[in-house]
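Shown next, in structure tokens, is the structure this report addresses.
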Amino acid sequence: MIKRTRRHLFVFVTNRELPATNNGSDARCGPARCSANHHGFRTEWGAKLYADIRSVIETGRRRAIGALDAIRLTLAGKPLAVP
């Protein structure tokens, strides 16, 4: 997994407009993490999948990318670049 995405790991070093952390997107996933911690999901992998999807959608939203496009780009291994 890291080999495929290595070139995208440190994009923030060359593009100062990108934050060095994903704290903003993580904060938006708060409800997902709460639900996962309170057994709102039947399986741990389901809770993690939900949190991952919410993170991708929120990152896309912040970059003016629609939810479906953000998911498609992520599954294709492409960065969620600002259009």
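Things worth noting here:
- Of the listed residues L9, L75, L80, the order by accessible area with a 1.4 Å probe, largest first, is L75, L9, L80.
- FRET E, pair I71, R7, Förster distance 25 Å, beta-carbon r, rounded to 0.05: 0.75
The values are calculated or read from the model by the stated rules, or taken from the named source; none is laboratory data. On a predicted model such as this, the values are computed, not experimentally measured, just so you know. Cβ: placed from backbone, ideal geometry, glycine included. Neighbour counts: every protein chain shown. Ligands, DNA and RNA are excluded from the accessible area calculation, which covers all protein heavy atoms including side chains. Shrake-Rupley method; radii C 1.70, N 1.55, O 1.52, S 1.80 Å.
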